[in-house]
Amino acid sequence: MKNSIKIKQAFSVDRTTFQDIFFIPILAISLAISLGLLLLLLTGESYQTALTALIALFVGSFGSVSALSETLTAATPLIFAALGIAIGFRAGLFNIGAEGQIIVGGLAAVIIGFSVELPLMLHLTLMLSVGAAFGAGYAFISGWLKAFTGAHEVITTIMLNLIAFRLLDFFLRLPFIQKEGRNDPISKSVLDTAELPRLLVLIDPNLRIHAGFLLAILAVILVYWIIFHTTIGFEFRMVGTNLNAAKYAGVNSSLTIVLAMSAAGLCAGLAGASQISGVLGRATSGFSAGIGFDAIAVALLGRAHPIGVLFSGILFGALVAGGREMQVSAGVSLDLITVIQALIIIFVAAPILVKSIFPWFFGKK
Amino acid sequence: MRKFALSKQTMNIARTQSSLISGSFLILLAILVFMLFGFGVEGEATFRLSRPSDPYALPNLVLPAESFIGIASLTIAFFGARLIVKAPKEYSVIFAISFFLAIATFLVWATAGKSFSLTGMLQATVVRAVPIALAAMAGIMCERVAVINIGIEGMMLAGAFAGAFFGSIFGSVLGLLIAIAVGGIFGLMLALLVVTFRVDQIIAGVAINILVLGLTSFFTSHLLKKNPHLNDTAVFKSIQIPILADLPIIGPMLFRHNIFVYLAILIVFSTTFYLFKTAYGLRARAVGEHPKAAETLGISVIKTRFINVIIGGMIAGFGGAWFTLGSVGRFDEGMTGGRGFIGLAAMIFGRWHPVGALLAALVFGFADSLQQKLAILRTPIPSEFLAMAPYIVTIIVVAGIVGSARPPQAIGKAYIKEN
């Protein structure tokens, strides 16, 4: 008798976590997309357009090999940056500064990319690591301020984002960086030796998926190992769960905060560098394209777990790729995708809300 | 008793340490100011205080650049040394004076050999401080009931959009009212999310920001770009207050503005009155400090939080409307440019007190107008770096170099009512 209750309890716990992990994201996404389409109808678009948009969203993301390639290409920087934000979440830090860290990392990477001449692998490695290092350095500022002055990382990272936008505009106009003969803020192109190789050239040279995606998967495994199987990862989680308990247990919390923030910036810097090296080939004024903000949603949807981040990153990559198709075939602005992403964040962060909208998906308490 | 003494001792040690850091910071600032501006400056800086057409014109203020910069940096260094040696209580005052001197030095350096309208700049300071002060008021209304509102930026953006859109259709007065209502709706949304559904307050705020950014950009490209007449509203004209507007310096600074400036000042003082002189304000503060105790005394924590956060959203919506109805008359994507966040920094700088936040907002407004007006002087500093000034000041402020301030006790925590 007792045992059966125990088993029942264990089972019901498993069932609710299962529901939480799978049902809530799926319901959140469907709800967000439905509301997005409703919004489209509200602005006076026809049902036809909304339907075309919905179909384009799916066809453009998973409908063909090239669509899939676009999805994974868009997912790559999102996964990198979201891994960083996930590390931050684990350590109790909310890093909104991924956008700025991507900019600083990407900018440093592009400079290495066009100015240094090295053999292929060396050049690529140098470019990516410099990008990562600059991203880490930029995030270090917020981490240090948080650990030693108590400045809230949300405000400092947002300010550093705004500063990074201005810095980018300034640097892109320097004669050393600006492309010859151009007046707009655009950098020189990186050399061929600094480009991440495309993966599917054998099938079609126009498929943009590049080796950065493999690096992103590697990063997922590495971050998983660091968070769950190393001392420093344990310290991140301790500081994030209960700062005071961590301090009493002898964790150097200031150092941990600085390290976690820098690691977050390192990932974001890699996102910028891989985007420059694998897709864009040069830096322009808006090259970060909101990846750093989308990555927040990716990290939240993936529940700050590396594996979750991988899947939610691919999902958001699909939203971006599908959104572009939507723009082309239905004439719907990409901003609708931003709205859908924000709604996904809200629904994922408010499981009680989702449960109260769809009570029949969840067992009674 | 012993416990108390111990804690007091630790507090003193902490204070000595932080005064050491802030003192060194000031000395560093003095050196920096001197190194940057002290060399190769010649001539006099002329500051124009009035226009010749003013009824009571003041003579120009003329400062010898070289000696002013020397004296100012020495004074900052003296303050720094004093902080290290004595750790006095009036941190904020010393810091305010030091920053003021540093900025004055910068202005004198930039103006050396030229002339510059100081009054015009002060007027711009007040105007630019309006959205920041209003964002700070919205922040105070929410944080006093222990709800962090990172979403102010989004609420302001929504207000700006609503102001432009509905102002174009129904006229600016109705547009303003709708902008306030829209801000209130997003306040309601935040309250629902964090109070009812207990979403992490920062995540909810960030989500609101992204949502509003997406919504306004979406509507801009789907509605406003196709119908430009929907993004062309009349702006509120400036109202000159008789007699007072003719006063030198103060007149242009305070009494030659549009309705936003006057209402913002009114909001600051009514917020102060509400929080500190009314029973409702006392209840709100109790909810922010110790919700359980407040509930025990019969105050509804949930209701109080809802009301205050909605009012905060309305104030943010009003502040957002300034960008369109009080300034340029049209909406551009992302036009609030981080003012909501700067407002939060102003709130912290002002120690969660409306009047303090207003003063802090003036500091930020000054930094904001500085970049605008310095373009005229053709300084060798690139415009991008001038544009960073308000953001850098914000970081310095929240870094707590100005002394640690205490937020309401229950900040950031969801309240679960016990049955």
Q. Can you tell me which residues in the stretch A:333-363 are outside any helix (DSSP H, G or I), at the interface with chain B (Cβ under 8 Å from one of its Cβ atoms) and of a type in the set (A, V, I, L, M)?
A. A:350
Q. From the list B:212, B:261, which residue is within 23 Å of the chain's Cα centre (by Cα), within 14 Å of chain A (Cβ to nearest Cβ) and on the phi < 0 side of the Ramachandran plot?
A. B:212
(Q) For the stretch B:286-303, give me each residue that is surrounded by fewer than 24 Cβ atoms within 10 Å (Cβ to Cβ), in contact (Cβ under 8 Å) with a residue 60 or more places away in the chain and within 28 Å of residue B:179 (Cβ to Cβ). (A) B:302
Q: Within the stretch B:343-390, track down each residue that is among the aromatic types (Phe, Trp, Tyr) and farther than 29 Å from residue B:113 by Cα.
A: B:349, B:352
Q.
Being farther than 26 Å from residue B:215 by Cβ, assigned to a helix (DSSP H, G or I) and not aromatic (Phe, Trp, Tyr): is that true of residue A:326 here?
A. no
Q | From the options A:149, A:125, residue that is among the polar types (S, T, N, Q), over 28 Å from residue B:151 (Cα atoms) and surrounded by fewer than 20 Cβ atoms within 10 Å (Cβ to Cβ) | A | A:125
Q: Test residue A:353 against the stated conditions and say whether it is more than 17 Å from the chain's Cα centre (by Cα) and either at pLDDT below 90 or closer than 26 Å to residue A:222 by Cβ (or both).
A: yes
Q.
I'm told residue B:201 meets every condition in (1) crowded, with 23+ Cβ neighbours inside 10 Å; (2) in contact (Cβ under 8 Å) with a residue 40 or more places away in the chain; (3) out of contact with any Ser or Thr (no Cβ under 7 Å at 6 or more places or on another chain); (4) facing another protein chain (nearest Cβ under 7 Å) except one. Can you identify the failing condition by its number?
A. (4)
Q: Inspect all residues belonging to the stretch A:191-198 and state whether any of them is under 20 Å from the mean Cα position of the chain (by Cα), more than 14 Å from chain B (Cβ to nearest Cβ) and free of Cβ contacts under 8 Å to residues at least 40 places away in the same chain.
A: no
Q. Which ranges mark the helices (runs of 4 or more DSSP H) fully within the stretch A:206-322 that have 3 or more residues being farther than 27 Å from residue B:204 by Cα and among the hydrophobic types (A, V, I, L, M, F, W, C)?
A. A:212-229, A:253-275
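Per-residue answers, yes or no, for (1) more than 9 Å from chain B (Cβ to nearest Cβ); (2) farther than 17 Å from residue A:282 by Cα; (3) in contact with a helix residue (DSSP H, G or I) (Cβ under 6 Å, 6 or more places away or on another chain):
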residue: A:117; (1), (2), (3): yes, no, no
residue: A:137; (1), (2), (3): yes, yes, no
residue: A:157; (1), (2), (3): yes, yes, yes
residue: A:169; (1), (2), (3): no, no, yes
Q) Do the conditions hold for residue B:191, that is, is it within 14 Å of chain A (Cβ to nearest Cβ), in contact (Cβ under 8 Å) with a residue 60 or more places away in the chain, in a helix (DSSP H, G or I) and not hydroxyl-bearing (Ser, Thr, Tyr)? A) yes
Q: Return the total of residues in the stretch A:29-48 being in a helix (DSSP H, G or I), within 11 Å of chain B (Cβ to nearest Cβ) and under 19 Å from residue A:325 (Cβ atoms).
A: 4
Q) Of the residues B:177, B:157, which is part of a helix (DSSP H, G or I), under 25 Å from the mean Cα position of the chain (by Cα), free of Cβ contacts under 8 Å to residues at least 40 places away in the same chain and in the same structural domain as residue B:307 (by TED's automatic domain parsing)? A) B:177
Q. Take the residues of the stretch A:303-332 that are farther than 11 Å from residue A:57 by Cα and either within 14 Å of another protein chain (Cβ to nearest Cβ) or out of contact with any helix residue (DSSP H, G or I) (no Cβ under 8 Å at 6 or more places or on another chain) (or both): which is surrounded by the most Cβ atoms within 10 Å (Cβ to Cβ)?
A. A:316
Q: Determine, yes or no, whether residue B:302 is part of a helix (DSSP H, G or I), modelled with pLDDT under 95 and either closer than 30 Å to residue B:387 by Cα or among the basic types (Lys, Arg) (or both).
A: no
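Residue-by-condition table, conditions (1) surrounded by fewer than 21 Cβ atoms within 10 Å (Cβ to Cβ); (2) more than 14 Å from every other protein chain (Cβ to nearest Cβ); (3) charged (D, E, K, R):
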site	(1), (2), (3)
B:123	yes, yes, no
B:128	no, yes, yes
B:133	no, yes, no
B:140	no, yes, no
B:169	yes, yes, no
B:173	yes, yes, no
B:176	no, yes, no
B:223	yes, no, no
(Q) Can you confirm whether residue B:22 is among the polar types (S, T, N, Q), assigned to a helix (DSSP H, G or I), at pLDDT 75 or above and over 19 Å from residue B:374 (Cβ atoms)? (A) yes
Q. What tally of residues in the stretch B:359-393 results from selecting those that are within 11 Å of chain A (Cβ to nearest Cβ) and charged (D, E, K, R)?
A. 1
Q | Condition met for residue B:339 (within 14 Å of chain A (Cβ to nearest Cβ), under 25 Å from residue A:154 (Cα atoms), in contact with a helix residue (DSSP H, G or I) (Cβ under 7 Å, 6 or more places away or on another chain) and in contact (Cβ under 8 Å) with a residue 60 or more places away in the chain) | A | yes
Q. Hey, among A:110, A:154, A:104, A:130, which residue is assigned to a helix (DSSP H, G or I), among the hydrophobic types (A, V, I, L, M, F, W, C) and either touching a Pro at 6+ places or on another chain (Cβ under 6 Å) or over 23 Å from residue A:216 (Cβ atoms) (or both)?
A. A:154
Q. Does at least one position in the stretch A:232-241 carry a residue that is at positive phi and surrounded by fewer than 24 Cβ atoms within 10 Å (Cβ to Cβ)?
A. no
Q. Got a number for residues in the stretch A:258-292 being within 14 Å of chain B (Cβ to nearest Cβ), surrounded by fewer than 24 Cβ atoms within 10 Å (Cβ to Cβ) and either under 26 Å from residue A:28 (Cα atoms) or without any contact (Cβ under 8 Å) to a residue 60 or more places away in the chain (or both)?
A. 3
Q) When you go through A:141, A:177, A:158, A:186 one by one, which is the residue that is without any contact (Cβ under 8 Å) to a residue 24 or more places away in the chain and within 18 Å of residue A:288 (Cβ to Cβ)? A) A:141
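The values are calculated or read from the model by the stated rules, or taken from the named source; none is laboratory data. Given the structure is predicted, the values throughout are model-derived calculations rather than measurements. Heads up, the Cβs are rebuilt from the backbone with ideal geometry, glycines too, and the neighbour counts pull from every protein chain shown.
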